[in-house]
1. Starting from the stretch 22-40, keep only residues that are surrounded by fewer than 14 Cβ atoms within 10 Å (Cβ to Cβ), then list their pairs with residues that are modelled with pLDDT under 95 and not charged (D, E, K, R) whose Cβ atoms are within a distance under 7 Å, requiring at least 6 positions of separation or different chains.
2. For the stretch 174-207, what are the residues that are among the basic types (Lys, Arg) and either surrounded by fewer than 16 Cβ atoms within 10 Å (Cβ to Cβ) or out of contact with any helix residue (DSSP H, G or I) (no Cβ under 6 Å at 6 or more places or on another chain) (or both)?
3. Starting from the stretch 5-19, take each residue that is under 18 Å from GLY193 (Cα atoms) and list its partners that are assigned to a loop (DSSP other than H, G, I, E, B) and open to solvent by less than 40 Å² (accessible area, probe 1.4 Å), counting only C-beta distances under 9 angstrom and pairs at least six apart or across chains.
4. Kindly indicate the residue of the stretch 167-222 that is in a helix (DSSP H, G or I) and of a type in the set (Phe, Trp, Tyr) and also farthest from the chain's Cα centre (by Cα) among those meeting that condition.
5. With GLY254, GLY278 as the choices, which residue is part of a loop (DSSP other than H, G, I, E, B), out of contact with any Gly (no Cβ under 9 Å at 6 or more places or on another chain) and loosely packed, with under 15 Cβ neighbours inside 10 Å?
6. Just checking, does the stretch 265-273 include any residue being crowded, with 17+ Cβ neighbours inside 10 Å, in contact (Cβ under 8 Å) with a residue 24 or more places away in the chain, acidic (Asp, Glu) and touching a Ser or Thr at 6+ places or on another chain (Cβ under 9 Å)?
7. Is it true that ALA290 is out of contact with any strand residue (DSSP E or B) (no Cβ under 8 Å at 6 or more places or on another chain), hydrophobic (A, V, I, L, M, F, W, C), open to solvent by 50 Å² or more (accessible area, probe 1.4 Å) and more than 18 Å from LEU209 (Cβ to Cβ)?
8. Mind listing whichever residues of the stretch 208-240 are open to solvent by 20 Å² or more (accessible area, probe 1.4 Å), modelled with pLDDT of 95 or more and among the charged types (D, E, K, R)?
Amino acid sequence: MIDKYVTYLRDVRRYSPRTVTLYGDALRAFAQWAQTPGQAGGDGKGQAGGDGRGQAGGGVMADLIGHLIPSRIREYEGHLIDTGLKPRTVHLHMSALSGFCGFLMKEGVLKSNPAKAVKRPKMEKRLPEYYTEQAMDTYLSESEHEADADELQVLLSTAPDSKLAKELYNRRLRRLIVSILYTCGIRRAELIGLQIQSVDTGRKTFRVLGKGDKMREIPLIPSLLQEISLYLRAASFMVGKRPANAPLLVTDKGRPLYPEFVDRAVKAELQGQSGITGRKSPHVLRHSLATALLNEGTDLNAIKQMLGHSSLAATEVYTHNSVERLKAQYMNAHPRAKNEDRND
(Lines give C-alpha, C1' and ligand atoms only; values in the text may rest on other atoms or scores of the structure.)
Protein backbone atom coordinates (compact mmCIF):
# COMPACT_ATOMS: atom_id res chain seq x y z
CA MET A 1 0.00 0.00 0.00
CA ILE A 2 2.90 2.35 0.68
CA ASP A 3 4.31 1.63 -2.78
CA LYS A 4 0.87 2.17 -4.28
CA TYR A 5 0.58 5.53 -2.49
CA VAL A 6 4.06 6.58 -3.63
CA THR A 7 3.09 5.70 -7.22
CA TYR A 8 -0.10 7.75 -6.79
CA LEU A 9 1.91 10.77 -5.60
CA ARG A 10 4.28 10.47 -8.54
CA ASP A 11 1.88 9.67 -11.40
CA VAL A 12 -1.43 11.22 -10.33
CA ARG A 13 -0.58 14.07 -7.98
CA ARG A 14 2.62 14.79 -9.94
CA TYR A 15 4.68 15.53 -6.83
CA SER A 16 8.35 16.32 -7.39
CA PRO A 17 10.72 13.32 -7.33
CA ARG A 18 12.33 14.64 -4.13
CA THR A 19 8.97 14.93 -2.33
CA VAL A 20 7.93 11.46 -3.49
CA THR A 21 11.19 10.03 -2.14
CA LEU A 22 10.90 11.87 1.19
CA TYR A 23 7.29 10.73 1.73
CA GLY A 24 8.12 7.14 0.81
CA ASP A 25 11.09 7.07 3.19
CA ALA A 26 9.01 8.64 5.99
CA LEU A 27 6.24 6.04 5.64
CA ARG A 28 8.66 3.13 5.55
CA ALA A 29 10.35 4.49 8.67
CA PHE A 30 6.96 4.51 10.42
CA ALA A 31 6.22 0.96 9.24
CA GLN A 32 9.59 -0.24 10.53
CA TRP A 33 9.03 1.46 13.89
CA ALA A 34 5.50 0.04 14.18
CA GLN A 35 6.65 -3.51 13.43
CA THR A 36 9.61 -3.44 15.84
CA PRO A 37 9.05 -5.67 18.88
CA GLY A 38 9.12 -3.87 22.22
CA GLN A 39 7.39 -0.66 21.09
CA ALA A 40 4.78 0.86 23.39
CA GLY A 41 2.03 -0.69 21.30
CA GLY A 42 3.08 -4.23 22.15
CA ASP A 43 5.02 -6.77 20.06
CA GLY A 44 4.55 -5.01 16.76
CA LYS A 45 1.48 -7.00 15.72
CA GLY A 46 -1.08 -4.29 16.10
CA GLN A 47 -2.17 -4.65 19.73
CA ALA A 48 -2.49 -0.87 20.03
CA GLY A 49 -5.58 -0.86 17.89
CA GLY A 50 -6.58 -4.49 17.66
CA ASP A 51 -5.02 -6.77 15.05
CA GLY A 52 -6.76 -4.94 12.22
CA ARG A 53 -7.31 -8.20 10.31
CA GLY A 54 -10.87 -7.39 9.43
CA GLN A 55 -9.86 -4.07 7.90
CA ALA A 56 -7.03 -4.89 5.53
CA GLY A 57 -7.20 -8.60 4.85
CA GLY A 58 -4.58 -9.82 7.33
CA GLY A 59 -0.81 -9.97 7.16
CA VAL A 60 1.69 -7.16 7.52
CA MET A 61 -0.66 -4.51 6.16
CA ALA A 62 -3.27 -5.46 8.76
CA ASP A 63 -0.63 -5.17 11.47
CA LEU A 64 0.32 -1.71 10.22
CA ILE A 65 -3.30 -0.55 10.11
CA GLY A 66 -3.55 -1.39 13.80
CA HIS A 67 -0.97 1.33 14.46
CA LEU A 68 -2.79 3.98 12.44
CA ILE A 69 -4.68 5.40 15.39
CA PRO A 70 -4.14 8.78 17.11
CA SER A 71 -2.44 7.37 20.21
CA ARG A 72 0.15 5.39 18.24
CA ILE A 73 0.84 8.24 15.83
CA ARG A 74 1.28 10.53 18.83
CA GLU A 75 3.77 8.05 20.30
CA TYR A 76 5.62 7.96 17.00
CA GLU A 77 5.78 11.75 16.90
CA GLY A 78 7.31 11.68 20.39
CA HIS A 79 9.79 9.06 19.21
CA LEU A 80 10.87 11.30 16.31
CA ILE A 81 11.33 14.26 18.64
CA ASP A 82 13.33 12.13 21.08
CA THR A 83 15.71 11.10 18.31
CA GLY A 84 16.62 14.77 17.87
CA LEU A 85 14.81 15.53 14.62
CA LYS A 86 13.96 19.17 14.03
CA PRO A 87 10.28 20.21 14.21
CA ARG A 88 10.24 20.85 10.44
CA THR A 89 11.39 17.28 9.76
CA VAL A 90 8.82 15.90 12.22
CA HIS A 91 6.17 17.90 10.36
CA LEU A 92 7.24 16.24 7.12
CA HIS A 93 6.84 12.77 8.66
CA MET A 94 3.40 13.71 10.00
CA SER A 95 2.37 15.14 6.63
CA ALA A 96 3.41 11.90 4.95
CA LEU A 97 1.35 9.89 7.44
CA SER A 98 -1.65 12.18 7.07
CA GLY A 99 -1.50 11.96 3.28
CA PHE A 100 -1.16 8.18 3.45
CA CYS A 101 -4.15 7.89 5.77
CA GLY A 102 -6.19 10.09 3.43
CA PHE A 103 -5.23 7.76 0.58
CA LEU A 104 -6.28 4.72 2.64
CA MET A 105 -9.67 6.40 3.19
CA LYS A 106 -10.09 6.63 -0.59
CA GLU A 107 -9.16 2.96 -0.85
CA GLY A 108 -11.78 2.06 1.75
CA VAL A 109 -9.22 0.82 4.26
CA LEU A 110 -9.76 3.58 6.85
CA LYS A 111 -12.94 5.44 7.78
CA SER A 112 -11.21 8.56 9.09
CA ASN A 113 -7.78 10.17 9.18
CA PRO A 114 -6.17 9.55 12.60
CA ALA A 115 -3.17 11.79 11.84
CA LYS A 116 -5.41 14.86 11.80
CA ALA A 117 -6.15 14.32 15.51
CA VAL A 118 -2.47 14.62 16.42
CA LYS A 119 -1.10 18.07 17.25
CA ARG A 120 2.19 18.81 15.56
CA PRO A 121 5.22 20.50 17.18
CA LYS A 122 5.62 24.24 16.81
CA MET A 123 8.01 25.38 14.12
CA GLU A 124 9.99 28.57 13.93
CA LYS A 125 8.83 30.77 11.09
CA ARG A 126 11.59 30.64 8.53
CA LEU A 127 11.68 33.61 6.21
CA PRO A 128 12.47 32.78 2.59
CA GLU A 129 16.04 33.54 1.59
CA TYR A 130 16.44 35.90 -1.33
CA TYR A 131 19.00 37.88 -3.27
CA THR A 132 18.57 41.65 -3.54
CA GLU A 133 17.58 43.28 -6.80
CA GLN A 134 20.88 45.16 -6.82
CA ALA A 135 22.90 41.95 -6.46
CA MET A 136 21.01 40.22 -9.28
CA ASP A 137 21.26 43.28 -11.53
CA THR A 138 25.01 43.30 -10.95
CA TYR A 139 25.30 39.61 -11.83
CA LEU A 140 23.19 39.96 -14.98
CA SER A 141 25.14 43.03 -16.12
CA GLU A 142 28.53 41.42 -15.53
CA SER A 143 27.58 38.20 -17.33
CA GLU A 144 25.77 39.91 -20.20
CA HIS A 145 28.56 39.15 -22.67
CA GLU A 146 27.90 35.42 -22.15
CA ALA A 147 24.46 35.86 -23.72
CA ASP A 148 25.14 38.35 -26.51
CA ALA A 149 25.27 37.84 -30.26
CA ASP A 150 28.99 38.57 -30.61
CA GLU A 151 30.00 35.68 -28.37
CA LEU A 152 27.55 33.44 -30.23
CA GLN A 153 29.49 34.18 -33.44
CA VAL A 154 32.66 33.04 -31.70
CA LEU A 155 30.93 29.78 -30.79
CA LEU A 156 29.60 29.26 -34.31
CA SER A 157 33.10 29.70 -35.73
CA THR A 158 34.48 26.73 -33.77
CA ALA A 159 34.06 22.97 -34.16
CA PRO A 160 31.02 21.73 -32.15
CA ASP A 161 33.06 19.00 -30.45
CA SER A 162 35.95 21.30 -29.48
CA LYS A 163 36.77 22.18 -25.91
CA LEU A 164 36.21 25.88 -26.63
CA ALA A 165 32.76 25.24 -28.13
CA LYS A 166 31.68 23.28 -25.07
CA GLU A 167 33.00 25.94 -22.73
CA LEU A 168 31.23 28.76 -24.59
CA TYR A 169 27.99 26.76 -24.85
CA ASN A 170 27.95 25.78 -21.17
CA ARG A 171 28.59 29.36 -20.06
CA ARG A 172 25.62 30.47 -22.17
CA LEU A 173 23.48 27.62 -20.84
CA ARG A 174 24.32 28.34 -17.16
CA ARG A 175 23.58 32.04 -17.60
CA LEU A 176 20.22 31.24 -19.27
CA ILE A 177 19.28 28.85 -16.46
CA VAL A 178 19.78 31.62 -13.90
CA SER A 179 18.04 34.19 -16.12
CA ILE A 180 14.92 32.06 -16.55
CA LEU A 181 14.72 31.05 -12.87
CA TYR A 182 15.10 34.64 -11.68
CA THR A 183 13.09 36.41 -14.39
CA CYS A 184 10.19 33.93 -14.46
CA GLY A 185 10.24 32.55 -10.90
CA ILE A 186 9.58 29.00 -12.03
CA ARG A 187 10.47 25.86 -10.10
CA ARG A 188 13.48 23.69 -10.94
CA ALA A 189 11.28 20.85 -12.20
CA GLU A 190 9.31 23.30 -14.33
CA LEU A 191 12.54 24.59 -15.87
CA ILE A 192 13.64 21.06 -16.75
CA GLY A 193 10.19 20.38 -18.24
CA LEU A 194 10.25 23.35 -20.62
CA GLN A 195 10.09 22.45 -24.31
CA ILE A 196 11.06 24.48 -27.37
CA GLN A 197 7.35 24.91 -28.09
CA SER A 198 6.84 26.32 -24.57
CA VAL A 199 8.16 29.64 -25.91
CA ASP A 200 5.50 31.71 -27.66
CA THR A 201 7.51 34.40 -29.44
CA GLY A 202 4.41 36.05 -30.88
CA ARG A 203 2.71 36.58 -27.54
CA LYS A 204 6.02 36.81 -25.67
CA THR A 205 5.06 34.22 -23.05
CA PHE A 206 6.23 30.93 -21.55
CA ARG A 207 3.74 28.06 -21.21
CA VAL A 208 4.79 26.31 -18.01
CA LEU A 209 3.48 22.95 -16.79
CA GLY A 210 3.36 23.16 -12.99
CA LYS A 211 2.32 20.97 -10.09
CA GLY A 212 -0.79 18.88 -10.64
CA ASP A 213 -0.36 19.25 -14.42
CA LYS A 214 -1.63 22.83 -14.20
CA MET A 215 -0.59 24.95 -17.16
CA ARG A 216 0.10 28.66 -16.72
CA GLU A 217 1.50 31.44 -18.86
CA ILE A 218 4.36 33.70 -17.77
CA PRO A 219 5.31 36.89 -19.63
CA LEU A 220 8.77 37.05 -21.19
CA ILE A 221 10.67 40.31 -21.05
CA PRO A 222 12.39 41.26 -24.36
CA SER A 223 15.95 40.69 -23.09
CA LEU A 224 15.12 37.13 -21.94
CA LEU A 225 13.32 36.37 -25.21
CA GLN A 226 16.41 37.51 -27.10
CA GLU A 227 18.65 35.40 -24.88
CA ILE A 228 16.50 32.31 -25.50
CA SER A 229 16.59 32.93 -29.25
CA LEU A 230 20.39 33.16 -29.30
CA TYR A 231 20.67 30.09 -27.08
CA LEU A 232 18.52 28.04 -29.47
CA ARG A 233 20.92 28.89 -32.30
CA ALA A 234 23.81 27.75 -30.11
CA ALA A 235 22.00 24.52 -29.22
CA SER A 236 21.25 23.78 -32.89
CA PHE A 237 24.94 24.23 -33.68
CA MET A 238 26.02 21.90 -30.86
CA VAL A 239 23.45 19.08 -31.14
CA GLY A 240 21.63 19.64 -34.43
CA LYS A 241 18.05 20.48 -35.32
CA ARG A 242 15.45 19.40 -32.78
CA PRO A 243 11.64 19.01 -32.87
CA ALA A 244 9.30 21.48 -31.17
CA ASN A 245 8.52 19.06 -28.33
CA ALA A 246 12.22 18.59 -27.49
CA PRO A 247 13.52 19.99 -24.17
CA LEU A 248 14.29 23.69 -24.39
CA LEU A 249 17.52 23.38 -22.39
CA VAL A 250 19.97 20.53 -23.02
CA THR A 251 23.54 19.63 -22.16
CA ASP A 252 26.35 20.02 -24.71
CA LYS A 253 25.66 16.38 -25.67
CA GLY A 254 21.99 17.11 -26.32
CA ARG A 255 20.66 15.36 -23.21
CA PRO A 256 17.85 16.78 -21.05
CA LEU A 257 18.85 18.61 -17.89
CA TYR A 258 18.47 16.93 -14.50
CA PRO A 259 18.08 18.44 -10.99
CA GLU A 260 21.73 18.16 -9.95
CA PHE A 261 22.86 19.80 -13.19
CA VAL A 262 20.61 22.80 -12.56
CA ASP A 263 21.79 23.07 -8.94
CA ARG A 264 25.43 23.01 -10.00
CA ALA A 265 24.83 25.56 -12.75
CA VAL A 266 23.22 28.03 -10.33
CA LYS A 267 25.96 27.55 -7.76
CA ALA A 268 28.71 27.99 -10.36
CA GLU A 269 27.17 31.18 -11.71
CA LEU A 270 26.43 32.86 -8.38
CA GLN A 271 29.46 31.75 -6.39
CA GLY A 272 31.61 34.72 -5.52
CA GLN A 273 29.20 37.24 -7.02
CA SER A 274 29.10 40.61 -5.25
CA GLY A 275 26.15 40.92 -2.86
CA ILE A 276 25.04 37.30 -3.27
CA THR A 277 25.53 35.47 0.01
CA GLY A 278 24.08 32.36 1.63
CA ARG A 279 22.64 29.43 -0.25
CA LYS A 280 22.92 29.41 -4.04
CA SER A 281 19.91 27.47 -5.28
CA PRO A 282 17.13 27.59 -7.90
CA HIS A 283 14.50 28.07 -5.20
CA VAL A 284 16.23 31.13 -3.74
CA LEU A 285 16.07 32.70 -7.22
CA ARG A 286 12.33 32.03 -7.21
CA HIS A 287 12.05 33.67 -3.79
CA SER A 288 14.10 36.60 -5.04
CA LEU A 289 11.69 37.35 -7.88
CA ALA A 290 8.65 37.10 -5.58
CA THR A 291 10.25 39.45 -3.05
CA ALA A 292 11.28 41.94 -5.75
CA LEU A 293 7.78 41.98 -7.25
CA LEU A 294 6.22 42.50 -3.84
CA ASN A 295 8.62 45.33 -3.01
CA GLU A 296 7.60 47.02 -6.26
CA GLY A 297 3.94 46.90 -5.22
CA THR A 298 2.78 43.98 -7.39
CA ASP A 299 -0.62 42.59 -6.39
CA LEU A 300 -0.31 39.43 -4.28
CA ASN A 301 -2.79 37.55 -6.47
CA ALA A 302 -0.73 38.36 -9.57
CA ILE A 303 2.39 36.97 -7.85
CA LYS A 304 0.42 33.87 -6.83
CA GLN A 305 -0.63 33.27 -10.43
CA MET A 306 2.87 33.77 -11.78
CA LEU A 307 4.47 31.42 -9.24
CA GLY A 308 1.78 28.78 -9.71
CA HIS A 309 0.80 28.62 -6.04
CA SER A 310 -2.40 26.71 -5.30
CA SER A 311 -3.32 29.02 -2.41
CA LEU A 312 -2.68 32.62 -1.46
CA ALA A 313 -1.26 31.48 1.89
CA ALA A 314 1.82 30.10 0.13
CA THR A 315 2.42 33.49 -1.51
CA GLU A 316 1.82 35.51 1.65
CA VAL A 317 5.04 34.20 3.20
CA TYR A 318 6.93 36.68 1.04
CA THR A 319 5.20 39.58 2.77
CA HIS A 320 7.29 38.83 5.87
CA ASN A 321 10.46 39.83 4.01
CA SER A 322 8.86 43.15 3.08
CA VAL A 323 7.76 43.73 6.66
CA GLU A 324 11.29 43.04 7.94
CA ARG A 325 12.68 45.44 5.36
CA LEU A 326 10.16 48.09 6.39
CA LYS A 327 11.09 47.61 10.06
CA ALA A 328 14.78 48.08 9.28
CA GLN A 329 14.08 51.26 7.30
CA TYR A 330 11.79 52.52 10.05
CA MET A 331 14.38 51.97 12.79
CA ASN A 332 17.06 53.71 10.70
CA ALA A 333 14.93 56.68 9.66
CA HIS A 334 12.38 57.44 12.38
CA PRO A 335 13.70 60.20 14.70
CA ARG A 336 12.16 58.69 17.84
CA ALA A 337 13.56 55.26 17.02
CA LYS A 338 17.06 56.70 16.50
CA ASN A 339 16.90 58.67 19.76
CA GLU A 340 15.76 55.67 21.76
CA ASP A 341 18.51 53.55 20.23
CA ARG A 342 21.14 56.11 21.37
CA ASN A 343 19.62 56.18 24.88
CA ASP A 344 19.92 52.41 25.09
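The values are calculated or read from the model by the stated rules, or taken from the named source; none is laboratory data. Model, not experiment: these values are computed from the prediction. Here the Cβ is made from the backbone with ideal geometry for all residues, glycine too, and neighbour counts use every protein chain on show. These accessible areas exclude ligands, DNA and RNA; they are computed on the full protein's heavy atoms, side chains included. Shrake-Rupley method; radii C 1.70, N 1.55, O 1.52, S 1.80 Å.
1. Note: pairs meeting the criteria are THR36/GLY44; PRO37/GLY44.
2. Within the stretch 174-207, ARG187, ARG203, LYS204, ARG207 meet the criteria.
3. ARG14/GLY210; SER16/ARG187
4. Looking at residues that are in a helix (DSSP H, G or I) and of a type in the set (Phe, Trp, Tyr), I get TYR169.
5. GLY278
6. yes
7. When the stated conditions are applied, ALA290 does not pass them.
8. If the condition is that a residue be open to solvent by 20 Å² or more (accessible area, probe 1.4 Å), modelled with pLDDT of 95 or more and among the charged types (D, E, K, R), then ARG233 is the only one that fits.
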